Amino acid sequence: MISLYELFKIGIGPSSSHTMGPMVAAFRFVEALQLAGALQNVARVEAILYGSLAWTGVGHATDKAVILGLAGMRPDQIDPDAADEMAENIRQQHQLSLGGHRQIRFAPDKDIVFDFETPAPRHPNTLQITAFNEGGIALLRQRWCSIGGGFIIPEDAEATAAGPQEKLPYMFRNMAEFLALGEKTGLLFAQMMQANEAMRRPLPDLFRHLDLIVETMMACIDRGLATGGILPGGLKVKRRARNLFEALEIKARSNLRHAHEVMDHVSVYAIAVNEENAAGGRVVTAPTNGAAGVIPAVMRYYRDWCPDSSVAGLRQFLLTAGAIGALFKMNASISGAEAGCQGEVGVAAAMAAAGLAAALGGSNGQIENAAEIAMEHHLGLTCDPIGGLVQIPCIERNAFGAIKAINAASLALQGDGTHRVSLDHVIATMRQTGRDMNSIYKETSRGGLAVNFPEC
């Protein structure tokens, strides 16, 4: 069972799988060196990036993430404003303090290798880190898979013996089981998720965590709405959220207002978050960085535009969204490198639709229907970022995902929860579609817009 604490992680942009995951892997590598008592014997460290991490690693700042992780930084603790300066100092000085303890010579241009040839045997986001002593003998080698949403697993995890299984009051592996539990107990999805999470940490801690996630998401929107300039990376993409929001504020003071204006606000909320993400700012994986704008935008819509919104409603939103995200994570994928953007923005839209339906008083059947509708109309969505950057089409794509989520929730709430296609059917279809999708459309920047856009 996947916890909300795992799905909603506070970190930095631009990518959960290509930035946060590799940073955590490098951080854990240094921890393993310390535990093995080998840290003081390290003279050199080499990191090799495979698959999608190689093809789009520069645009996703994977090299910077590895540098920071080796230096002892974690995504949830690092100051985004200090990250660039720290990484640049290491690049310029060719010196790195492993975990802040062992000073070694480190030249990122040589010691971080982008391997475009060797296939990754298990997952397209794979990295290998090796520490050597003065004689060139390997002291420790680890291979990690960054499987989306900041999750990482050892490449040989399948061969590792399973530990004791977690015992929770409401165990489910698919939506059919979850619905059956609700039918049997009379509880809503959010109530069952809350009971599960309360077994992991005390309820006050859970509420504080949920409130912190909401606060971080709203702060990210506010920063995005207040910040202008050009996004990093070479495409010279101008940040638009501030100007768009200012134009909406001017319209709000006039007599000429259109009914769809609320959707313009939702779009600009999502754009604000993903511009922050593209700039390396602080965001929440929801369930990934590339799709980080969908859930905050829909939550802002609920908070600011829906009558009777409440703190309890926001918590219910996240608990329900987390359940849907867990189902996709357990039964398909939330990795763009594995499933295309249907696994990122598509899953985020399904989570947001379910969360909104729950916060607005929907039944379990209506909530499931909302998630199903949202994903059904993201099936087959490719991941083809231009220049390997989480900018075009990623930023606008989050805006459309948020709009679809609200539409899906609204449609579901107009019905009684009965529908022909189940969420389990859609998740299975999404998994199969991801498997059938050509790898050039799965976060490699070797197909789609990434090659048909004439870069100047």
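Descriptive notes on the structure:
- Residue-normalised accessible area of segment 183-319, expressed per residue, 1.4 Å probe, Å²: 45 Å²
- When you restrict to C-alpha pairs under 8 Å that are six or more residues apart and normalise by the size of segment 145-272, the relative contact order lands at 16 percent.
- Estimated dipole of segment 161-309 in Debye, rounded to 20 [Cβ of Lys and Arg +1, of Asp and Glu -1, Cα centre]: 400 debye
- Shape call, segment 137-272: gyration tensor on alpha carbons, a/c limit 1.5: oblate
- Dipole magnitude for the chain: about 180 debye, using +1 per Lys or Arg Cβ and -1 per Asp or Glu Cβ, origin at the Cα centre.
- Shape category assigned to segment 37-167 from the gyration tensor of Cα positions, a/c cut at 1.5: rounded
- Projecting the Cα atoms of A259, I104, A332 onto the charge dipole of the chain (Cβ charges, centred on the Cα centre) puts I104 farthest toward the positive pole.
- Those aspartates and glutamates that a straight Cα-Cα span of less than 16 Å connects to K442, excepting residues fewer than 8 apart in one chain: E338, E344, D384
- The peptide list 364-374, 242-252, put in order of mean Cβ contacts within 10 Å with the highest first, becomes 364-374, 242-252.
- Rounded, prolate or oblate (a/c below 1.5 giving rounded, otherwise prolate when a/b exceeds b/c) for segment 231-345 by Cα gyration tensor: oblate
- Debye log10 I(q)/I(0) for segment 185-232, one point scatterer per Cα, at q = 0.13, 0.23, 0.30, 0.31 Å⁻¹: -0.49, -0.84, -1.04, -1.06
- Pairwise FRET efficiency - I230 versus D156, Cβ, R0 = 56 Å, nearest 0.05: 0.85
- Between A107 and E183, the FRET efficiency estimated from the beta carbon spacing at R0 = 56 angstrom works out to 0.40.
- Counting Lys and Arg as +1 and Asp and Glu as -1 over every other residue whose Cβ lies under 13 Å from the Cβ of L139, the net charge comes to +1.
- Remark: segment 3-8, residue by residue, has Karplus-estimated 3J(HN,Hα) of 8, 4, 5, 8, 6, 9 Hz, where x stands for each Gly or Pro and the curve is 6.51 cos²θ - 1.76 cosθ + 1.60 at θ = phi - 60°.
- Sites D211 and Q432, calculated FRET efficiency, Cβ-Cβ separation with R0 45 Å, nearest 0.05: 0.75
- Gain on full stretching of the segment that runs from E117 to Q92 - 0.36 nm per residue minus C-alpha separation: 6.2 nm
- Amide H within-cut-off set for I112, under 5 Å, with H built and near neighbours excluded: A47
- Solvent exposure of K9, expressed as accessible area, is near 40 Å², computed with a probe of 1.4 Å over the protein chains only.
- Length gained when the stretch D84-E31 is fully extended (0.36 nm per residue, less Cα-Cα span): 16.8 nm
- A simple rule links phi to the HN-Hα coupling: the Karplus curve 6.51 cos²θ - 1.76 cosθ + 1.60 with θ = phi - 60°, which for segment 266-274 gives 4, 4, 6, 4, 5, 4, 4, 5, 6 Hz, with x for Gly and Pro.
- Of all DSSP-defined beta bridges confined to the chain, some 85% are antiparallel rather than parallel.
- In order along segment 420-426, phi translates into HN-Hα couplings of 7, 9, 8, 4, 4, 4, 5 Hz, rounded to whole numbers, per the Karplus curve 6.51 cos²θ - 1.76 cosθ + 1.60 with θ = phi - 60° and x for Gly and Pro.
- Taken over the chain, the convex hull of the Cα atoms encloses 151 Å³ per residue.
- Within the shell defined by Cβ-Cβ distances under 10 Å, the residues around G150 carry a net charge of -1, with Lys and Arg each +1 and Asp and Glu each -1.
- Label separation (A38 vs V421): 5.0 nm, computed from points 7 Å beyond Cα along the C-beta direction.
- Each peptide among 103-116, 51-64, 402-415 gets the average number of other Cβ atoms lying within 10 Å of its residues, and from highest to lowest they stand as 51-64, 402-415, 103-116.
- Residues in segment 201-235 that a label on S310 would reach, taking backbone N under 20 Å of a point 7 Å out along Cα→Cβ: 203-215
The values are calculated or read from the model by the stated rules, or taken from the named source; none is laboratory data. Predicted, not measured: the structure shown is a model, and the values here were computed from it. Here the Cβ is made from the backbone with ideal geometry for all residues, glycine too, and neighbour counts use every protein chain on show. With ligands, DNA and RNA removed, areas are computed over all heavy atoms of the protein, side chains included. Shrake-Rupley method; radii C 1.70, N 1.55, O 1.52, S 1.80 Å.
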